[in-house]
Each structure stands twice: as structure tokens, then as C-alpha cells.
Amino acid sequence: MTTIRIKTGSEGPRHDPYAYREITVSRPKGSVTLHLGLVEWVAVNGEHWKDYDREAIDVFEAFAGITLPQAIRAHHEVRARRVRYHPCGQKHLEWVDGYPGESLLICERCGAVLDEHFDRSAIE
């Protein structure tokens, strides 16, 4: 089974932080992570890729088997499908606050968490 995870956050000094995004594609043969931020790097099966003659995105796409835009689109489509085809329907859904900076989309009928959003700036 293939899973795609996207993680966002900030890096750099507190007085001048920069946003970053990490896209991880996990397949039965292994996983590949692309870090896009202050620097770009790729980790294949947990080890950083050392071939600096190739662009990080090219290495990611070669190991993931899909392009970066396809991975991002697939991740968002799966999240949207989870909400769109929920068995209880869409009229029982509500955004609620979780931990500081965290918002959860839950079904009030069955209690399932269907989506989440984390705002790091709300806690810093």
C-alpha cells in the first residue's frame, strides 16, 4: 500500500523563520522524503541522498515513481474523499479546536476525525 504524507512547519532563526514542506511517499519497497525549505534534500529509506549532481526533485520523482505535483494532488484528493464519502453524510461535520494551534474536522454523529489543520504560528 502506498501512503503520501505532507508535513509543513518553519525552520531557521526565531527572528526570521522560513516555511518548509516535506513530502513523504511510502511504498512496500521503501520510502522517499523530499524537504523543500531553506535547503532542498532527499532521504531515501531514511538516508540522505548524496548525489549532488542531480536535483532533489528529480531524485524524489525517480524513487517515488510519480511526479511532485501528482504526489501533492493525490494527497489532497484522498483527504477530500475522506470527507466527501463519509458514511454519516456531510451535515454532521464541524471544525473544533484541539491542542493549541490544532483544528479538527469531526463527525458529530460517530466522532470520526476526518481532517486536521495545524497552525504553528498560533502557539509560538
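Our summary gives the chain a relative contact order of 14 percent, counting only alpha carbon pairs under 8 angstrom and 6 or more residues apart. For the peptides 38-44, 57-63, 113-119, 90-96, residues were scored by their other Cβ atoms within 10 Å and the scores averaged per peptide; the highest-first order is 57-63, 38-44, 113-119, 90-96.
Cut-off 12 Å, label point 7 angstrom out along Cα-to-Cβ of Arg27: give me the residues of the stretch 33-73 whose amide nitrogen falls inside. Residues 60-67 qualify, since their backbone N sits under 12 Å from the label point. Which angle from 0 to 90°, rounded to the nearest 10, does the C-alpha axis of helix 68-84 make with the longest principal axis of the chain? Roughly 10 degrees, rounded to the nearest 10. In this simple spin-label approximation, Arg109 and Ala74 carry label points 7 Å from Cα along the Cα→Cβ vector, and these lie 3.1 nm apart. By the Cα gyration tensor, the chain has an equivalent ellipsoid whose semi-axes, rounded to whole angstrom, run 31, 21, 10 from largest to smallest. In a simple Cβ point-charge model (Lys, Arg +1; Asp, Glu -1; nothing else charged), the chain has a dipole of about 620 debye relative to its Cα centre. The separation of the stretch 69-119 from the stretch 3-27, counted between C-alpha centres, amounts to 20 Å. For Glu116, the residues whose amide H sits under 5 Å from its own are Leu105, ignoring neighbours fewer than 5 places away on the same chain, with H placed 1.01 Å from N.
Here Lys50 is the anchor, and the lysines within straight C-alpha reach of less than 25 Å, apart from those fewer than 8 places off in the same chain, are Lys7, Lys29.
Any read-out appearing in this document is the output of simple, stated calculations on the displayed coordinates, not a laboratory observation. A quick note: this is a predicted structure, and the numbers were derived from the prediction, not measured. Cβ: placed from backbone, ideal geometry, glycine included. Neighbour counts: every protein chain shown.
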